[in-house]
């Protein structure tokens with residue numbers, strides 16, 4: 001399984017990319033805006049420079065119309081040839097997917113809220129399908145049931161598509177996603193909680209306090 005860190009912070013990305021289990025960085029327009037990034041492409045280039053040859057960067061295309069979305073996706077690919085382009089699993093995203101597939105641009109469909117939507121995204125050529133777990137929970141949906149149905153359909157139809165569980169809010173979400181066979185992307189705070197629970201941190205401090213030299 002593949003773990004991505006979800007951050008646009010250069011220092012955070014650099015720190016997490018040193019972990020042997022982190023295989024890349026995912027970003028999105030909201031995070032870039034909150035980080036007050038002025039030049040999206042230059043910032044993404046800086047993130048890409050942190051990657052080794054096995055690691056991956058994902059970046060989201062934006063646009064209110066299919067033409068705008070397509071142009072932005074192509075620009076992302078032109079500026080960063082190895083980027084996996086994220087597009088929304090909506091009418092605009094579905095309409096431009098055949099063209100992007102023809103251009104051999106690897107796709108991740110995002111903002112997935114149902115199994116049917118995710119399955120259609122896989123049929124449309126998405127390599128990664130990103131259900132928004134905590135957002136689905138907020139909407140009173142069952143993300144894990146929807147994810148299981150997606151994965152069953154991918155297997156039944158032999159689709160080359162993988163669930164990338166996104167918007168994970170707790171270590172329990174992380175472990176549940178892994179138990180189902182998902183790839184994951186998570187904020188550094190969630191990865192921190194998963195990597196070193198509070199009880200582990202306390203025990204390590206006790207070990208170090210009484211260590212025999």
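For this structure, a couple of remarks:
- Dimensions of region 115-195 from C-alpha coordinates, computed as largest minus smallest value along each principal axis and given longest first, are 36, 25, 18 Å.
- Zero-based 5 Å bins, Cα pair distances in region 49-200, whole percents: 2, 10, 18, 20, 19, 16, 10, 4, 1, 1, 0
- Mean shadow area of region 1-122, taken as a quarter of the surface of its Cα convex hull (nm²): 7.7
- Folded to 0 to 90 degrees: helix 91-102 orientation relative to the chain principal axis, Cα: 90
- Among 85, 22, 174, the largest mean-square fluctuation in a Gaussian network model of the chain, built with springs joining Cα atoms closer than 10 Å, belongs to 22.
- Compared with the alpha-carbon gap, the fully stretched path from residue 14 to residue 134 is longer by 40.6 nm at 0.36 nm per residue.
- Value of relative contact order over region 3-210, rounded to a whole percent, pairs C-alpha under 8 Å and six or more apart: 16
- At R0 = 22 Å, FRET efficiency that the Cβ-Cβ distance of residue 192 and residue 55 yields, to 0.05: 0.65
- Of all the options 152, 138, 166, the one that moves most in a Gaussian network model of the chain with Cα springs shorter than 10 angstrom is 138.
- The slack in the chain from residue 179 to residue 102, taken as 0.36 nm per residue of separation less the alpha-carbon distance, amounts to 24.3 nm.
- Annotation for region 90-145 versus region 47-89: alpha-carbon center distance of 15 Å.
Throughout, read-outs are computed from the coordinates displayed, never taken from laboratory work. What you are looking at is a predicted structure, and each value in this text was computed from that prediction instead of being measured. Heads up, the Cβs are rebuilt from the backbone with ideal geometry, glycines too, and the neighbour counts pull from every protein chain shown.
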